[in-house]
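Asks: Structure below; questions to follow.
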């Protein structure tokens, strides 16, 4: 069974945030697949940049993070009964988010 390819289209960070290193949360158990969603992101606008990446093994524990803690969160798709809570927490902790099937 092949894994569906995810297309990521992100808006540019505001000028006051573009100068700092973006904080990224990757939530899920298959971290190599989550990292692939970031492919090419560091080379936008022709220049390489570093990221501060934090891993969370389960996306269910997002309540522990502060509001707007991350510039981007890539979360493995939650189960149907967890989806509402995960999406609510994702929009609270990250300026941009992506839910993907890994």
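Only the coordinates and a few stated rules stand behind these numbers; no lab work does. Source: prediction; values computed, not measured. Note: ideal-geometry Cβ built from the backbone for every residue, glycine included; neighbour counts use all protein chains shown.
Asks: Given labels modelled 7 Å from the Cα in the Cβ direction, how far is it in nm from residue 88 to residue 20?
Replies: 2.8 nm
Asks: Can you tell me how much longer the chain between residue 68 and residue 55 gets when fully stretched, taken as 0.36 nm per residue apart minus their C-alpha distance, in nm with one decimal?
Replies: So the chain would gain 3.0 nm between residue 68 and residue 55.
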